[in-house]
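Undergrad: Structure below; questions to follow.
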Amino acid sequence: MERLWDIEFQSVGLGYGDTVILDDISVILPGGRISAVLGGSGGGKTTMLRHIIGLAKPLRGRILLGGNDLFSLPDKALRAARRRMGVLFQDGALLGQLTVAENTALPLTEHTRLPSATVREIVLHKLALVGLADFADYYPSELSGGMKKRAGLARALVTDPPLLLCDEPTSGLDPISAAQMDELLLDMKARFPNMTIVSVSHDMASVKNIADTVVVLHNGGIAYAGSLEGLENADDPYLRRFMDRSPPQAGQVDDPRLQLAEGTRKLMHEALGF
Amino acid sequence: MSDNTNAPLPNSAASLLRALGRPGVLFLCETGAMGIFLARGIMRMFSSRTQIPKILRQVRVIGAGSMFLIVFIGLFTGMVLGLQGYYTLSMFGAEGFLGSAVALSLVRELAPVLTAIMVTGRAGSAMAAEIGVMRIGDQIDALEVMDIDPMAYLVAPRITAALITFPLLTSIFSTVGILGGYATGVLMLGMSGGVYFSRIGSSVRWADVSGCLGKSLVFALIVVAVCCCKGYFAHMRKDGMGAEAVGNATTSAVVLSCILLLAADYALTSFLL
């Protein structure tokens, strides 16, 4: 049986160069579950994902993947770990010079000697799962934003990875496409019960649909980590605003920069010919 | 433990760095980084059994895609050389040496240099832009997380393809240029065709041809190293982000390639003569 891939952050500081984005965070994203990482724009969600993938090293602390410290692994073991991950990037990150089928087949054509007919069969199966079987020979430039994301998901899933990481899977999608993406992730979870899925998002509707556990990032740390029900019942003012989609409280309204002098506005309108 | 970072530089090194100044030192650092980048790409040239389709694609992009341009530029370069050479040599009653003048100018200097500059403008800029767009569009990160080495996937096939196509394009440039000189000297100005070609045969030595091909190989490495490196690190540029960074990377790739090509040409010519 495939082991479960817990992702554990132990007193981790994340950032780039001298810039610390998340400091001293400790949290476990449990294996075999769907975890959602939430937070405001610029809150460190994508940074957290890039560190799980191994694209950036933490400033301090350890990130354990299935019990192994990702950044202490020998090169060969790190590469082996990466082959067990599927990653859906924000815009799909499809290679423009390859068709959808060639993009999806990439991990197989580069790492295996499978006959091309077998690769094609696997690729068409994955594309069918994401509803793109009829677009296998299209180029990414011929697809809509939602289709690119679904093609990116097919590529992320082509090796049946035990760990699937999604960066903003529903951002920029219309409500129907976003709901379809949620269904796809739930369908994957149903097909592969041991699969660990981490979805970085700020789409509350999507998170409510798919997540078993939730981590909320705020002010360079973790504002909440736990079940979705716990988040819905939280009393913390930031979490409440996040859940209720309400703006910051009064206080900032007095900021003089929020006021534009009537003369200035009139001058601008005259210049624009309004 | 001694702190080597505070140790004074030897006088000769310090005076050299002072003479270069900050821009000179930065230029040396950048050139060194590109040398390391190129070495990493060369080490991966034979790393994957899936290289051949990628190499063929790049041969088409760099070679076949530049063919028309090279023929066009080569023809007119040869025609201008024929015209200028004929009137200059006729001042000394030596117009019979036109074939030698045209062929030696082309084979020794103009063909490798102009071919490299033209390919830089056409294919090199495309390399920098394509890799830059892949970098800012997360495509290179996607390759890394699929455990596909971006150097092997993107850079190594371009190095191989450039090493194949540059000598071929340079040879085509030389041949078409010689025919251009023939068109002006023989067909337009009435010189003997036999004399034109016999002078070429007697003056162009194998050392000239091998030097020409050797230069084209060095130029191929320079163009690929600079253009791929600039695109690959487009996201780290301080003079812009996103599309602006790709644009700036492309511009600086073309400018730096041309500077390094001309500097390398001088160094190689000094060595070969």
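The values are calculated or read from the model by the stated rules, or taken from the named source; none is laboratory data. None of these values were measured; they are calculated from a predicted model. Glycine also receives a Cβ, built like all others from the backbone with ideal geometry; neighbour counts cover every protein chain displayed. Ligands, DNA and RNA are excluded from the accessible area calculation, which covers all protein heavy atoms including side chains. Shrake-Rupley method; radii C 1.70, N 1.55, O 1.52, S 1.80 Å.
Undergrad: Test each condition in (1) over 21 Å from B:Asp138 (Cα atoms); (2) assigned to a helix (DSSP H, G or I) for A:Ile63 and report the one that comes out false.
TA: (2) is the only condition that A:Ile63 fails.
Each row is one residue, and each column tells you yes or no for (1) open to solvent by less than 60 Å² (accessible area, probe 1.4 Å); (2) within 30 Å of B:Phe97 (Cβ to Cβ); (3) of a type in the set (Ser, Thr, Tyr).
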{"position": "B:Ile164", "(1), (2), (3)": "no, no, no"}
{"position": "B:Phe233", "(1), (2), (3)": "no, no, no"}
{"position": "B:Ser252", "(1), (2), (3)": "yes, no, yes"}
{"position": "B:Phe271", "(1), (2), (3)": "no, yes, no"}
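Undergrad: How do the helices (runs of 4 or more DSSP H) wholly within the stretch A:71-171 filter down when requiring 1 or more residues that are at the interface with another protein chain (Cβ under 10 Å from one of its Cβ atoms), of a type in the set (Ser, Thr, Tyr) and farther than 23 Å from A:Ser201 by Cβ: which remain?
TA: A:100-111
Undergrad: If you don't mind, there's one more thing I want to ask. Could you figure out which of (1) free of Cβ contacts under 8 Å to residues at least 60 places away in the same chain; (2) assigned to a helix (DSSP H, G or I); (3) farther than 19 Å from B:Phe37 by Cα isn't true of B:Leu110?
TA: (1)
Undergrad: Evaluate the following for B:Phe68: is it assigned to a loop (DSSP other than H, G, I, E, B) and surrounded by fewer than 15 Cβ atoms within 10 Å (Cβ to Cβ)?
TA: In short, no.
Undergrad: Do you know which residues across the stretch A:172-197 are crowded, with 17+ Cβ neighbours inside 10 Å, without any contact (Cβ under 8 Å) to a residue 40 or more places away in the chain and part of a loop (DSSP other than H, G, I, E, B)?
TA: Listed by number, the residues that qualify are A:Leu173, A:Phe192.
Undergrad: Could you grab me the full set of residues in the stretch A:86-117 that are more than 25 Å from A:Leu143 (Cα to Cα) and either open to solvent by less than 50 Å² (accessible area, probe 1.4 Å) or touching a residue at least 60 places away in the same chain (Cβ under 8 Å) (or both)? Give the derivation first.
TA: At the first step, the residues of the stretch A:86-117 found to be more than 25 Å from A:Leu143 (Cα to Cα) are A:111-115.
Selection gives A:Thr112 alone.
Undergrad: Same structure again: Filter the stretch B:235-250 down to the residues that are free of Cβ contacts under 8 Å to residues at least 24 places away in the same chain, assigned to a helix (DSSP H, G or I) and open to solvent by 60 Å² or more (accessible area, probe 1.4 Å), then identify the one that is farthest from B:Ile42 (Cα to Cα).
TA: Out of the qualifying residues, it is B:Glu244.
Undergrad: Still on this structure: Identify, please: which residue in the stretch B:14-59 is within 14 Å of chain A (Cβ to nearest Cβ) and surrounded by fewer than 12 Cβ atoms within 10 Å (Cβ to Cβ) and is, among those, modelled with the lowest pLDDT?
TA: Among those that are within 14 Å of chain A (Cβ to nearest Cβ) and surrounded by fewer than 12 Cβ atoms within 10 Å (Cβ to Cβ), it is B:Arg49.
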